[in-house]
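The values are calculated or read from the model by the stated rules, or taken from the named source; none is laboratory data. As the structure is a computational prediction, the values presented were derived from the model and not from experiment. All Cβ positions, even for glycine, are placed from backbone atoms using ideal geometry, and neighbour counts span all protein chains on display. Accessible surface areas use protein heavy atoms only, side chains included; no ligands, DNA or RNA. Shrake-Rupley method; radii C 1.70, N 1.55, O 1.52, S 1.80 Å.
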Amino acid sequence: MPGGGSGAWDAIVVGAGAAGMFAAIEAGRRGRRGLLIDHAAKPGEKIRISGGGRCNFTNTGISADNYLGKNPRFALSALKRFTQWDIAGALSGAGIAWHEKTLGQLFCDGSARQVVDWLTAEMRAAGVELWLSCEPGEVTRGAEGFALTTSRGIQRSRALVVASGGKSIPKMGASGWGYRVAADFGIPVTGTRPALVPLTFAEQELAWIRPLAGVSLPVRVSCGGQAFDEAMLFTHRGLSGPAVLQISSYWREGQAISVDLLPQGGAAEVLRGAKRRMGRSGLAAALAELMPERLARHLAEAHGKGQPLAEMSGAVLDSVAGSLGDWRLTPVGSEGYRTAEVTLGGVDTDALDARTMEAKAVPGLHFVGEVVDITGWLGGYNFQWAWSSGWAAGQVL
Ligand code: FDA
């Protein structure tokens, strides 16, 4: 086993997630002696639980617009060289069937575990050594390359790939290790915060939201000039569902979000039509033609309109309809890294080479995947960044 002095590895990759496994496989295929280390007991745990267990592994519509960070265009070089069709083709080639769901999202037909098993088999075939339950520590760099302290002794290598992910879901092994390595080498890290995360509210709003826990409906949520048309879910803690997770990446403390509860429009016409057809019914019955019944009842109570529709003027119905299109509320925070799908921010892309993911000031040191300041929308964009950036680094290790 290599490990000291002359028996050094060509490349050590820390983090057996999507990005790290891809970098290690590519390096191994190119004949490099690669070691992949993870402190977790199993590789690819986030892949396994992703996409509700079916792994939304990419999206048909990948562009810089689907990414956040100081410079989202940094991602394009890697995204264009290893594309969504490359990963889809690789999975098909491995016998893993997939399908397109909504909004260009590609999911496995079966279990996400198939993807982990495929990556593990590819690593084996490429001769990558995988050390699980192995804790990395300090990294130093000398004339011969890198020395990494690990719980299995000091390991030396020509190149080091930091693929340790972000801070989200510490219970699943997330740690700040990659950011610390960057800081130790003087590489800037932009401010990090939880993203793709449910938003939380003060008691006043919660008192209104809580009774609706479990209700879900299609909405348009906007904030900071960005809008998403997807489902929203009321929970005991606040608002969740894809539309809210998406907007959480753009929301900042103190800002209000606007929820259009009827993005399909036409509420005024429906309410006026209901008045003609069922004048003796109340507002709740009319709203129930537009949205889940529990929400309709709750909204009608909030509007305090107990009288029959026949007794409500067209102007009142129009104002009810108008208010449904712009429900403004100010979150107090988010559920944080405990449930966030990703971490916004990370290793500053200005400090990295977009082709190789190598630190400009530290030859041989690469950062790939979520640890980098590139964050995708919900919908397969984050795994695509992990595959593409891992692949890009793997070409030069
Ligand atoms: P990732 O976090 O996957 O891997 C990092 C690895 O480094 C882990 O194995 C970890 O144990 C290891 N590590 C961390 N610290 C270490 C240390 N100190 N020492 C040793 N090892 C260390 N995205 C998407 O595109 N489609 C989807 O369907 C989903 N679904 C989804 C669901 C849920 C619940 C979550 C939390 C996230 C998603 N995502 C997603 C996001 C996606 O999982 C994420 O963007 C990628 O996993 C990032 O891949 P990386 O390889 O960069 O990090």
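Things to note:
- Residue count for the range 26-53, restricted to those that are near the ligand (Cβ under 10 Å from one of its atoms) and either surrounded by 19 or more Cβ atoms within 10 Å (Cβ to Cβ) or not basic (Lys, Arg) (or both): 16
- Residue selected from the range 161-219 under the condition open to solvent by 50 Å² or more (accessible area, probe 1.4 Å), among the small types (Gly, Ala, Ser) and outside any helix (DSSP H, G or I), by the criterion farthest from SER334 (Cα to Cα): GLY186
- Subset tally (residues that are closer than 18 Å to ALA16 by Cβ and open to solvent by less than 10 Å² (accessible area, probe 1.4 Å)) for the range 351-374: 7
- Within the range 54-77, considering residues that are touching a Lys or Arg at 6+ places or on another chain (Cβ under 9 Å) and of a type in the set (Ser, Thr, Tyr), the one farthest from the ligand (Cβ to nearest atom): SER77
- Of the helices (runs of 4 or more DSSP H) that lie entirely inside the range 6-84, those containing 3 or more residues that are under 21 Å from ALA125 (Cα atoms) and either touching a Ser or Thr at 6+ places or on another chain (Cβ under 9 Å) or assigned by TED's automatic domain parsing to the domain that holds TYR250 (or both) span 18-29.
- Residues that are part of a helix (DSSP H, G or I) and touching a strand residue (DSSP E or B) at 6+ places or on another chain (Cβ under 6 Å) were ranked within the range 324-350; the one that is least open to solvent (accessible area, probe 1.4 Å) is GLY336.
- Residue match in the range 290-300 (condition: touching a Lys or Arg at 6+ places or on another chain (Cβ under 6 Å), open to solvent by 30 Å² or more (accessible area, probe 1.4 Å) and away from the ligand (no atom under 13 Å from the Cβ)): no
- Lone unmet requirement of (1) farther than 22 Å from PRO43 by Cα; (2) modelled with pLDDT under 95 for SER168: (1)
- Against the list (1) assigned to a helix (DSSP H, G or I); (2) surrounded by 15 or more Cβ atoms within 10 Å (Cβ to Cβ), the condition LEU103 fails is (1).
- Considering residues of the range 338-374 that are among the acidic types (Asp, Glu) and either in contact (Cβ under 8 Å) with a residue 12 or more places away in the chain or outside the structural domain of ALA182 (by TED's automatic domain parsing) (or both) only, the residue nearest to ALA392 (Cα to Cα): GLU358
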